[in-house]
1. With the requirement that a residue be buried (at least 16 other Cβ atoms within 10 Å of the Cβ) and part of a helix (DSSP H, G or I), what does region 291-306 give you?
2. Scan (1) over 22 Å from the mean Cα position of the chain (by Cα); (2) in contact (Cβ under 8 Å) with a residue 40 or more places away in the chain; (3) assigned to a loop (DSSP other than H, G, I, E, B) for the single condition residue 57 breaks and write down its number.
3. If I ask for residues that are touching a residue at least 40 places away in the same chain (Cβ under 8 Å) and in contact with a helix residue (DSSP H, G or I) (Cβ under 7 Å, 6 or more places away or on another chain), which ones from region 220-232 would you list?
4. Any residue at all in region 262-282 that's at pLDDT 95 or above, assigned to a loop (DSSP other than H, G, I, E, B), within 29 Å of residue 14 (Cα to Cα) and in contact with a helix residue (DSSP H, G or I) (Cβ under 6 Å, 6 or more places away or on another chain)?
5. Could you tell me whether residue 232 is in the same structural domain as residue 19 (by TED's automatic domain parsing) and either over 23 Å from residue 143 (Cβ atoms) or in contact with a strand residue (DSSP E or B) (Cβ under 9 Å, 6 or more places away or on another chain) (or both)?
6. Take residue 117 and decide whether it is surrounded by fewer than 23 Cβ atoms within 10 Å (Cβ to Cβ), in contact with a helix residue (DSSP H, G or I) (Cβ under 9 Å, 6 or more places away or on another chain), free of Cβ contacts under 8 Å to residues at least 60 places away in the same chain and on the phi < 0 side of the Ramachandran plot.
7. Residues that are assigned to a helix (DSSP H, G or I), under 19 Å from residue 97 (Cα atoms) and touching a strand residue (DSSP E or B) at 6+ places or on another chain (Cβ under 6 Å): does region 140-147 have at least one?
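The values are calculated or read from the model by the stated rules, or taken from the named source; none is laboratory data. Computed from a predicted structure; not experimentally measured. Backbone-built Cβ (ideal geometry, glycine too); neighbour counts: all protein chains shown.
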């Protein structure tokens with residue numbers, strides 16, 4: 001099946017493709033064979049809108065190399081019976097680690113401590129650090145990444161509750177995380193970590209309304225998708241002290257432009273590098289080709305996205 005790779009893939013990807021002797025299946029946008037393309041592979045750069053998808057009348061499968069799929073018009077894929085699959089295992093471990101690094105850096109005041117020394121000061125009036133056991137963590141999205149974050153925090157002594165409307169009771173039991181409604185969770189927690197996909201119901205999930213409903217100041221973490229946080233709400237929370245600190249790896253528009261509040265000592269930001277490890281890249285390659293191989297040669301669909309979020 002003719003496969004169009006629209007986003008840059010690591011060199012190792014092409015080495016493996018050549019090694020497996022399937023290179024003749026793969027094409028780039030310069031090849032101009034849109035009428036015959038049956039599979040498209042993308043990452044985060046390409047937006048597969050309805051208009052773009054119309055260019056590929058024979059498209060049967062989209063492989064999103066990564067875990068998100070908000071850059072794909074899912075309604076259009078459903079109307080045309082185009083399968084959409086991801087590689088959810090490729091970045092789960094690295095994103096989990098990135099999240100934990102944010103949490104520890106914030107509650108241990110790493111950036112604040114560095115800024116004190118850089119400005120010629122010592123401890124000064126710095127407030128005491130938190131311990132993990134001081135946390136009441138609300139995990140929003142208890143999938144591959146969120147469940148690991150919750151389990152780690154519980155093991156280290158934190159109280160943990162989770163929000164995920166798509167898990168069965170059996171799945172909740174397996175994760176050993178207490179289920180709670182989002183509206184109740186935000187009144188209970190002092191840390192919120194987002195690990196949910198971006199779609200209509202989670203767009204600006206952290207909003208001014210949520211900020212006003214908080215009963216306690218919170219540490220706020222987002223390693224999922226930028227559009228989950230409403231920027232005005234974040235700014236209000238930082239200015240008022242209702243957000244104790246912010247750890248963020250994703251932005252509504254990327255690459256993000258510098259903003260004045262980024263320089264605050266209680267903010268840690270990174271340029272969407274939660275999956276930027278050598279091992280994660282290797283897993284991305286192998287899982288992408290695993291999904292591709294099963295569809296092309298075995299007529300099997302692997303890692304199809306969960307469409308329940310459209311309901």
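1. Filtering region 291-306 for residues buried (at least 16 other Cβ atoms within 10 Å of the Cβ) gives 291-292, 295-296, 302-303, 305.
Residues satisfying the conditions are 291, 292, 295, 296.
2. Among (1) over 22 Å from the mean Cα position of the chain (by Cα); (2) in contact (Cβ under 8 Å) with a residue 40 or more places away in the chain; (3) assigned to a loop (DSSP other than H, G, I, E, B), residue 57 violates only (2).
3. Within region 220-232, 221, 223 qualify.
4. Taking every residue of region 262-282 in turn, at least one turns out to be at pLDDT 95 or above, assigned to a loop (DSSP other than H, G, I, E, B), within 29 Å of residue 14 (Cα to Cα) and in contact with a helix residue (DSSP H, G or I) (Cβ under 6 Å, 6 or more places away or on another chain).
5. Numbers: in the same structural domain as residue 19 (by TED's automatic domain parsing): no; either over 23 Å from residue 143 (Cβ atoms) or in contact with a strand residue (DSSP E or B) (Cβ under 9 Å, 6 or more places away or on another chain) (or both): yes.
So residue 232 does not fit the description; no.
6. Values: surrounded by fewer than 23 Cβ atoms within 10 Å (Cβ to Cβ): yes; in contact with a helix residue (DSSP H, G or I) (Cβ under 9 Å, 6 or more places away or on another chain): no; free of Cβ contacts under 8 Å to residues at least 60 places away in the same chain: yes; on the phi < 0 side of the Ramachandran plot: yes.
Judged against the criteria, residue 117 is not a match.
7. To start, the set of residues in region 140-147 that are assigned to a helix (DSSP H, G or I) comprises 144-147.
Narrowing further to those that are under 19 Å from residue 97 (Cα atoms): 144-147.
Those left that are additionally touching a strand residue (DSSP E or B) at 6+ places or on another chain (Cβ under 6 Å): 146.
Yes, region 140-147 contains a residue that is assigned to a helix (DSSP H, G or I), under 19 Å from residue 97 (Cα atoms) and touching a strand residue (DSSP E or B) at 6+ places or on another chain (Cβ under 6 Å).
Residue-wise test of (1) under 25 Å from residue 280 (Cβ atoms); (2) surrounded by fewer than 16 Cβ atoms within 10 Å (Cβ to Cβ); (3) without any contact (Cβ under 8 Å) to a residue 40 or more places away in the chain.
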{"position": "123", "(1), (2), (3)": "no, yes, yes"}
{"position": "134", "(1), (2), (3)": "no, yes, no"}
{"position": "140", "(1), (2), (3)": "yes, no, no"}
{"position": "151", "(1), (2), (3)": "yes, no, yes"}
